[in-house]
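Report on the following structure.
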Amino acid sequence: MTLLATSAWHGRIHTDAWTAGAAGVLDVVEPATGRVLGSVGAADRSDALAAATRAAEAQQAWARTKPEERAAVLRRAGALFEEHAGEIQDWIIRETGSIAAKAGLETHIAANECYEAAALPAHPAGDVLTSNEDRWSFARRRAAGVVSVISPFNFPLILSIRSVAPALALGNAVLLKPDPRTSVSGGVSIMRVFELAGLPAGVLQLLPGGAEVGQAVVEAPEVRVVSFTGSTAAGRKVGETAGRLLKRAHLELGGNNALIVLPGADLDLAASAGAFGSFMHQGQICMTTGRHIVHESLLQEYVERLAEKASALPVGDPSTGQVALGPIIDERQRDNIDRLVRAAKDDGAQVAAGGTYEGLFYRPTVLTGLTPRNPAWTEEIFGPVAPVLGFSTIDEAVQLANASEYGLSLGVLGEVGLAMEVADRVHTGKVHINEQTVSDEANSPFGGMGASGTGSRFGGAAANIEAFTETQWLTMRPEIARYPF
Ligand code: NAD
């Protein structure tokens, strides 16, 4: 049996079972060709509210399920991601415009997220505390209840499963609201895997739809925790709503990540790292290298080598050829990229490579000679654009790196002692020395600071337990205590 045979899910959402959505259907469109690949069901607000109520009921029994049984479901899910990796990758390539290597990374990490999460049910559920009273005292970790996961289009599988897997493992029910442009890769594939892995009905509910459904899964009264990954603008709205309703929201938002190239760095390796950081998945990654900060002694040569690489990278339909870059997800995103590149040119920047597009295929682009106030430098472009600026002192490099509202990832290339000095002085959730800015592992804390979000909420047992459980203080005496009243 194939995992994603359309007969199983075509035109449907999944609440307790595959069913029609109240908002009809959403086309699944291949950005490389504009072809409609199929359709998923479209949920509306009423679907989301009903799903939350049903999830809360199902969660009660799921939280009481033996830890070894919950772990087994997660292990089977990991194995299913491996067994059906090729089929899921085909959908990721076509639905999101990914090259095969990126699609392979998504299924590989999805399996790892499930295996890491499989260890959580058997993890100690809290602490035995000391007390000044004659009693036992415990801090107990308990499932939060219903968790809503809202995910974006760029790495739809990883950015959904990194919350879905630990939340389920810890005894929560989950409402999954993928981006409407990537509902199969970020939703249907996960729903089908957990269906086959034996997760009880109602514990995971799939609600494809747009912002309205996203708002509903935040507002639904049964939802206690929201895990949102997406733009800073939408994240602020989710955070505001969650704050007003006194719910916890984990917000993983945009980035404008710097790559610092220190004096003496190997130029060939540095340009290769810089090209990967800026152009991988068409620059549509929150950790994409959005600012190259290069020592003045290397600047000219670095720009030349980066531009050479950019000009040589093949761009095209990833499902039909050996390309390095596929299409941008849609016209709106492409127009935003082009707006920023044009604004940079108007402000005096030179285009050392690229700067043009055909349809949704944007050429990898290198910009130099811009000012640090240029929007192409200050804004998250979310496209294959590498703006480069020079620096003379380490103080200046640190100041340039920190002069951003975002704070997700930083790469530093060169001598390790100097790189550590930089790492100690930057405000980012991740630092990668002698690597570019894009990196993610299931067991490592992931998250940003400032406009990049509320910080390091995912990855590793400690972060995931903190994110998806509530602490209850429990005291106990052998007999009823005596009081002066
Ligand atoms: P987006 O914010 O428009 O959409 C993301 C998700 O939020 C989608 O599912 C969307 O339907 C939903 N949504 C939109 N408005 C909402 C609202 N008001 N309430 C509830 N849900 C809402 O994001 P996008 O622009 O399509 O995605 C790219 C952005 O995501 C970039 O800024 C990127 O940096 C960021 N991102 C961050 C991370 C991270 O881990 N920090 C990872 C990937 C992408």
Residue match in the range 293-315 (condition: modelled with pLDDT of 95 or more and under 19 Å from Thr378 (Cβ atoms)): yes
Among the candidates Val238, Val217, Val226, residue that is part of a helix (DSSP H, G or I), within 12 Å of the ligand (Cβ to nearest atom), among the β-branched types (Val, Ile, Thr) and in contact with a Lys or Arg (Cβ under 8 Å, 6 or more places away or on another chain): Val217
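For every residue, the table says whether it meets (1) closer than 20 Å to Ile158 by Cα; (2) not in a helix (DSSP H, G or I).
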site	(1), (2)
Ser7	no, no
Ala43	no, yes
Asp47	no, no
Ala50	no, no
Ala55	no, no
Ala72	no, no
Arg76	yes, no
Gln89	yes, no
Gly104	yes, no
Scope the range 457-481; condition in contact with a helix residue (DSSP H, G or I) (Cβ under 6 Å, 6 or more places away or on another chain) and either surrounded by fewer than 17 Cβ atoms within 10 Å (Cβ to Cβ) or under 24 Å from Glu240 (Cβ atoms) (or both); matching residues: Arg457, Phe458, Phe468
Residue list for the range 375-427, restricted to those being assigned to a strand (DSSP E or B) and either among the charged types (D, E, K, R) or closer than 19 Å to Asp347 by Cβ (or both): Val385, Ala386, Pro387, Val388, Leu389, Gly390
From the options Ser319, Ser311, residue that is surrounded by fewer than 22 Cβ atoms within 10 Å (Cβ to Cβ) and assigned to a helix (DSSP H, G or I): Ser311
Verdict on Arg162 being part of a helix (DSSP H, G or I), touching a helix residue (DSSP H, G or I) at 6+ places or on another chain (Cβ under 7 Å) and more than 8 Å from the ligand (Cβ to nearest atom): yes
Residue within the range 62-71 that is within 30 Å of Pro124 (Cα to Cα) and under 22 Å from the mean Cα position of the chain (by Cα) present: no
Whichever residue in the range 246-255 is more than 9 Å from the ligand (Cβ to nearest atom) and in contact with a Phe, Trp or Tyr (Cβ under 8 Å, 6 or more places away or on another chain) and, among such residues, is farthest from Leu159 (Cα to Cα): Ala249
Test: residue in the range 326-334 that is acidic (Asp, Glu) and more than 23 Å from Ser183 (Cα to Cα): no
Qualifying residue in the range 113-136 (condition: within 16 Å of the ligand (Cβ to nearest atom), surrounded by 23 or more Cβ atoms within 10 Å (Cβ to Cβ) and in contact (Cβ under 8 Å) with a residue 12 or more places away in the chain): yes
Residue count, the range 277-304 (criterion: of a type outside the set (A, V, I, L, M), assigned to a helix (DSSP H, G or I) and surrounded by 19 or more Cβ atoms within 10 Å (Cβ to Cβ)): 7
In the range 106-130, residue nearest to Arg140 (Cα to Cα) [restricted to those that are of a type in the set (Val, Ile, Thr) and outside any strand (DSSP E or B)]: Thr130
Residues within the range 280-330 that are within 16 Å of the ligand (Cβ to nearest atom), touching a strand residue (DSSP E or B) at 6+ places or on another chain (Cβ under 6 Å) and more than 18 Å from Leu410 (Cβ to Cβ), tallied: 3
Residue identified as modelled with pLDDT of 95 or more and either within 14 Å of the ligand (Cβ to nearest atom) or crowded, with 23+ Cβ neighbours inside 10 Å (or both) among Ala110, Ala139: Ala110
Checklist (1) loosely packed, with under 14 Cβ neighbours inside 10 Å; (2) within 24 Å of the chain's Cα centre (by Cα); (3) over 26 Å from Ala101 (Cα atoms) applied to Leu340, failing item: (1)
Output for the range 178-188, where each listed residue is farther than 24 Å from Ser444 by Cα and in contact with a helix residue (DSSP H, G or I) (Cβ under 7 Å, 6 or more places away or on another chain): Asp179, Thr182, Val184, Val188
Some residue of the range 144-158 being surrounded by fewer than 21 Cβ atoms within 10 Å (Cβ to Cβ) and among the hydrophobic types (A, V, I, L, M, F, W, C): no
Among the candidates Gly455, Gly447, Gly414, residue that is touching a Phe, Trp or Tyr at 6+ places or on another chain (Cβ under 9 Å) and either more than 30 Å from Leu269 (Cβ to Cβ) or not assigned by TED's automatic domain parsing to the domain that holds Tyr115 (or both): Gly447
Residues being in contact with a Ser or Thr (Cβ under 7 Å, 6 or more places away or on another chain) and charged (D, E, K, R) - total across the range 216-238: 2
Residue that is under 15 Å from Met287 (Cα atoms) and either at pLDDT 95 or above or surrounded by fewer than 17 Cβ atoms within 10 Å (Cβ to Cβ) (or both), where the choices are Val431, Val388, Val416: Val431
Failed item, numbered, when Gly243 is tested on (1) out of contact with any Phe, Trp or Tyr (no Cβ under 9 Å at 6 or more places or on another chain); (2) closer than 22 Å to Ile465 by Cα; (3) crowded, with 19+ Cβ neighbours inside 10 Å: (3)
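The values are calculated or read from the model by the stated rules, or taken from the named source; none is laboratory data. Note that the structure is a prediction, hence the values are computed from the model and not measured. Here the Cβ is made from the backbone with ideal geometry for all residues, glycine too, and neighbour counts use every protein chain on show.
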